[in-house]
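The values are calculated or read from the model by the stated rules, or taken from the named source; none is laboratory data. Predicted model, so just to flag it, every value in this text is computed and none were measured. Counting neighbours? That spans all protein chains shown, and the Cβs are built from the backbone with ideal geometry, glycine included. Surface accessibility is based on the protein's heavy atoms, side chains included, excluding ligands, DNA and RNA. Shrake-Rupley method; radii C 1.70, N 1.55, O 1.52, S 1.80 Å.
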Amino acid sequence: MQYRNIPGTDLSVSLLAFGNFVFGTNWWGEFTDEDGVRLQNQAYDLGVNFFDTAPAYGNGRAEALMKATIDHAGRDNLIIASKFGYDFYKDPGEEGGHRERKQDFSAKAIRFELEQSLKRMSIDCIDLYQAHNLKLPQFTDELFDTLEAIKREGKIREWGVALGPAIGWREEGYESFQRGAATVQTVMNVYEQDPGREFCEVAAKRGAGGVIARVPTNSGMLDEEFKSENHQFPAHDHRKFRDRNWLVYGLRKNTILKPIAAKLGLTLRQFAFQWLAAQPAMVSIEPNLLNLEDVQTFAAACDAPPLGEDVLSEVAALYERDFDLGDVAHPCDLKSSTAESGSVRSSYVAPVSV
């Protein structure tokens, strides 16, 4: 396993992270508590020390499952990340639902959520505490002053921002680093590179802070999960909301990228992981880990030789040309808090300042 320091902090995290959001809903299948704990423990035994959870995942269930893994590994051997912001106490949502729930980023709510999270996991400090899907209008001095206060109190070691739920939120990422975030977590993968690579550049130029990539296999596309452009998603599967071009042209992109990966002895999912690992300021990557084979596959990817500049340049050229598949293969629009329409065309925009 490879470990990376989050610049500007004393946190050293495994390149492969375990996001236990998969235990918070049925989107990725049904897991008993025993299933979840077993998989978490297996990940630790294979070198994973960075576990990312949140109270919103199963209304406390995912956090509660961390307690057994903390006991298994020993608290000092783990870097525990959690989140805050979704008020499931007042808005519990529906089982398997896709609706955005009410948020509360007030100082009172942050402190209440923190205490509940600490109790669920039976710990006295969270290593990385992330604002969960924070939007630009919610960036307030009260919020960041509260985070700095609880950091001084020793109840968290560092804080960050997790952007989402959809891909985008360029301004939020920039503002987070300017406010002093240790990490920005975002959707980023070889088929959806923006604005993640901008965040990587910002963090690298600042010399402080790092990026955590989620959805690294493009919602299962780079896992080679889909065999046909006529694939039918079950009712509970969140990917049914993705536009059809993502499926049709994702499969075609796979046929282009797969021979490049094969020459390196990598599967597509391992190649996608290594591509992310090569990005500046990338500190950890969170694929969906649904079984022991997934953990073993990605753990092996951590030990593979890094991609060479020739390969990275080839991928960059393919991405810039939409893999020669035409504009219909262009990545989906990015969500935006500032654009009048609420979204902007996916593109790279060079950061003008850090």
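Compute the accessible area per residue over the chain, keeping the other protein chains in place, probe 1.4 Å, unit Å².
Values: 14560 Å² over 354 residues.
In whole numbers, the chain has 41 Å² accessible per residue.
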Quiz item: Each residue of the range 51-58 in order: what ³J(HN,Hα) in whole Hz does its phi give by Karplus 6.51 cos²θ - 1.76 cosθ + 1.60, θ = phi - 60°, with x for Gly and Pro?
Solution: 10, 10, 9, 6, x, 5, 7, x
Quiz prompt | Where the Cα pairs of the range 230-276 fall when distances are cut into 10 Å bins, in % | solution = 24, 38, 32, 6
Quiz item: In whole angstrom, how far apart do the alpha carbon centroids of the range 260-289 and the range 294-354 sit?
Solution: 12 Å
Quiz prompt | Gln130 long-range amide H proximity, modeled H, under 5 Å | solution = Ser82, Lys83, Phe84, Gly160
Quiz item: Peptides 342-349, 266-273, 204-211: what's the order by average Cβ count within 10 Å, highest mean first?
Solution: 266-273, 204-211, 342-349
Quiz prompt | In degrees, nearest ten, helix 196-206 long axis to first principal axis of the chain (Cα) | solution = 60 degrees
Quiz prompt | Amide proton proximity set for Gln185, modelled H, under 5 Å, gap of 5+ | solution = Val161, Ala162, Leu163, Ile212
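Using a 10 Å cut-off on Cβ atoms, rank the peptides 18-24, 164-170, 322-328 from the highest mean neighbour count down.
Working: 18-24: 23.9, 164-170: 20.9, 322-328: 12.9.
Descending packing order for the listed peptides: 18-24, 164-170, 322-328.
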Exercise. Rank Tyr249, Tyr89, Tyr44 by mean-square fluctuation in a GNM of the chain with C-alpha springs under 10 angstrom and give only the top-ranked residue.
Key: Tyr89
Self-check item: Accessible surface of the chain [probe 1.4 Å, protein heavy atoms]: carbon and sulfur percent
Solution: 50 percent
Quiz prompt | Choice from Thr186, Thr217, Thr297 with maximal GNM fluctuation in the chain (Cα, 10 Å cutoff) | solution = Thr297
Exercise. For the range 228-354, evaluate the Debye formula with one uniform point scatterer on each Cα (no solvent term) and list log10 I(q)/I(0) at q = 0.09, 0.14, 0.22 Å⁻¹, rounded to two decimals.
Key: -0.33, -0.84, -1.48
Quiz prompt | Tilt relative to the chain, helix 141-152 - C-alpha long axis, 0 to 90 degrees, to 10 | solution = 70 degrees
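Using every Cα-Cα pair within the chain, state what percent have a distance larger than 32 Å. Working shown, then result.
Working: 16333 of 62481 pairs.
Of the Cα pairs, 26 percent sit more than 32 Å apart.
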Quiz item: Tell me, what ³J(HN,Hα) does each residue in the range 118-128 have, in order and in whole Hz, if you take phi through Karplus 6.51 cos²θ - 1.76 cosθ + 1.60 with θ = phi - 60° and put x for Gly and Pro?
Solution: 4, 5, 4, 8, 6, 10, 10, 7, 9, 5, 9
Self-check item: Listed peptides 253-259, 121-127 by packing density, highest first (mean Cβ within 10 Å)
Solution: 121-127, 253-259
Exercise. Please report the Cα spread of the range 247-302 along all three principal axes, rounded to whole Å, starting with the longest.
Key: 29, 28, 23
Practice problem: Compute the acute angle (0 to 90°) between the alpha-carbon long axis of helix 170-179 and the principal axis of greatest extent of the alpha-carbon atoms of the chain; round to the nearest 10°. | Solution: 40 degrees
Self-check item: Residues whose placed amide H lies under 5 Å from that of Ile79, excluding near-sequence neighbours
Solution: Phe50, Phe51
Quiz item: Comparing Asp33, Asp141, Asp223, which has the greatest mean-square fluctuation in the GNM of the chain with Cα pairs linked when under 10 Å apart?
Solution: Asp141
Quiz item: Restricting the count to DSSP beta bridges whose residues both fall in the chain, what percent are antiparallel, rounded to a multiple of 5?
Solution: 20 percent
Exercise. Would you tell me the accessible area of Asp45, worked out with a 1.4 angstrom probe on the heavy atoms of the protein chains, in Å² to the nearest 10?
Key: 100 Å²
